[in-house]
Each structure stands twice: as structure tokens, then as C-alpha cells.
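Structure first, commentary second.
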Amino acid sequence: MKKSDKRFLTIFVLPSDSSKARKYRVPERLYRAGKVVGLLMFLVFAYVVVDYGNMALKVQELNKLRRENTAQKIELRKLSTRIDGLEKSLVRLQIFDKKLRIIANLETPSSTDKEILGMGGTGTEEYFLNVGKAKDDLVGKMHSDLNQLEEEARLQKRSFTELEEFLLEQAALLASTPSVWPTRGWLTSRFGKRRDPFTGRVQLHKGIDIANRVGTDVIAPADGIVTRITRMASLGRVVEISHGYGIRTRYGHLSKVRVRVGQKVKRGDVIAEMGNTGRSTGPHLHYEVMANGVHVNPLRYILN
């Protein structure tokens, strides 16, 4: 046996009540083994503490990620609901578009006949029971729906642009149609064949005659441009207006002209005053309407 194996360490224990001290002898070899075991236990304890701290941080981060993930899913669900609402709004616009086209007697473009596919999707309970898969499916479907909405919106915009152009053209046509009486008075002679009051022969009366006192205002029955102001043997002082779309109007027997050639006029603008110039039996307005150069009955256009 080695000499070191016989060495001892003496440990004194002194009680607080001043009683007899106690003495313990511990072999040096056991003391050294105790130090090694104590060091190992300290290292193990330190590792456990550090590992527990890291695990606590990871759990905290995981909980934070879960909260963020749940918030993202809720936002995705809200966005999905908004997309669904946009789809329904677009469907209503398409129905409105078709109604307008029916009223306007316009064909519906084949490109806009395509129906919008409903978004659908999983229910709320299924969504939160399968959050991972549901999120991926929802994101994929949202991308698909957004692409489809963009295409449908583009087609709808083109359709409404076409409708707008058509309605504006119709509005311009209506504004250029001589649809109101050109003056106040009494209808004394209609359009068509009649016996001429001067010659007694039957001939075509190319307009209508409206009688009233001299100076009665004569108005433009539609939008147009004054193209001619002249004097004629039969009609006296005359004004002609071009309304576009092949429609022209003529006003005869005027006492005074209140417009000039090239002037733009609107429906209701005063253009002249009734008179008795030319070959006339009394003060009146001779009013003619020509469509593509052919005289037509003005009463066919008057609505009021």
C-alpha cells in the first residue's frame, strides 16, 4: 500500500452552543474523489440550467411564431373574404352590363360571357383544425382568384368603354335630332301634296307652316351648325342648319336672322324671328327637315 493511501484529512465540526467539538478523519484519496464527483455534478447542473434556459427561449420564440402565424392566417381569411366580395361585385357589374346592352340593343362580347368562378374555400372550423395545409391552399387559391379578377376587370372595363362610346354617340344623335317645335303658333299647313295658294296647282309642300305674329322667336330644334343664310324668291329670308348624321333643317319667311354662318347652336337657342318675307300670304314660319338630302315630314321628329 502506498504511503499516500494512509494519509488522512482531519475535519473539525464546532457546534454553535460551544459544546465539545467533533472530529472526523477522511482519507485523502476519498476527499480527492469527492472533489471530482462534486465538479462533475456542478458541470451537469450548469449544463441543465443552460439547456433549460435555451429551451425556455425557444418555447417563447415558438409561441411568438404561433401567434404571428395565427394572426397571418386571420388576415389571409379576411383578404379571402374581401376577394369573395369583389367577385360578387364584379358579377353584379356584369349583370348590369348585360342589361344595358339589352336596352341599347348591343351584342354581348363573347369574351365577357365567361362566368366568374366562385372562390368557395374551407369552412372556418376546418381551416383552424388544419391550419398548415389550409394556409397553403388558401394562398394558392388567392393568387389564382386575383389573376382571374384582374382579367375579368380588364374585360369589364373594355365592355363599359364600348358602352360609354355607344351611349355618347346616341346622346349626340339625340341632341342632333330636331325633336321640338321650332316656334310657337298654329299649324296652318302640313307636309305633303297640297294646292298651291298662288298657282292653284297641286304640288309637294316640303315642310310645315306655323303661323304667329311677326317677331315671334324661332329656335333651333336640335344642336347643329349654321351653314347657310340667304334670300330666296319663294321662301324670303332663309336660315339652314346642319345637325350632323345627314340631317339638315331650313327656316323660311324670316323677318330677322340672329345667327351667323359657322355659328354652333344648341337646342333651344334663338336663331331668328318669324316674318312674312318671300311669297307668303301672312306671317308664318316655313320649316323643313331633310334626311340625307331627302325632304321628310318634320312632324315625325317632333316629340313635344
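Within the range 243-257, restricting attention to residues that are in a strand (DSSP E or B) and more than 14 Å from His286 (Cβ to Cβ), the residue that is farthest from the chain's Cα centre (by Cα) is Lys256. Filtered by the rule that a residue be exposed (fewer than 14 other Cβ atoms within 10 Å of the Cβ) and either among the hydroxyl-bearing types (Ser, Thr, Tyr) or assigned to a loop (DSSP other than H, G, I, E, B) (or both), the range 153-183 gives a lone residue, Thr161.
Restricting Arg195, Arg190, Arg184 to residues that are basic (Lys, Arg) and within 20 Å of Gly268 (Cα to Cα) narrows the list to Arg184. The condition of being small (Gly, Ala, Ser), closer than 21 Å to Phe191 by Cβ and in contact (Cβ under 8 Å) with a residue 60 or more places away in the chain does not hold for Gly246. Answer with yes or no whether Arg213 is part of a strand (DSSP E or B), in contact with a strand residue (DSSP E or B) (Cβ under 8 Å, 6 or more places away or on another chain) and at pLDDT 95 or above. So Arg213 fails the test.
The values are calculated or read from the model by the stated rules, or taken from the named source; none is laboratory data. Everything numeric here is computed off the predicted structure, so don't read it as measured data. With ideal geometry, Cβ positions are generated from the backbone for all residues, glycine too; neighbour counts draw on all protein chains shown.
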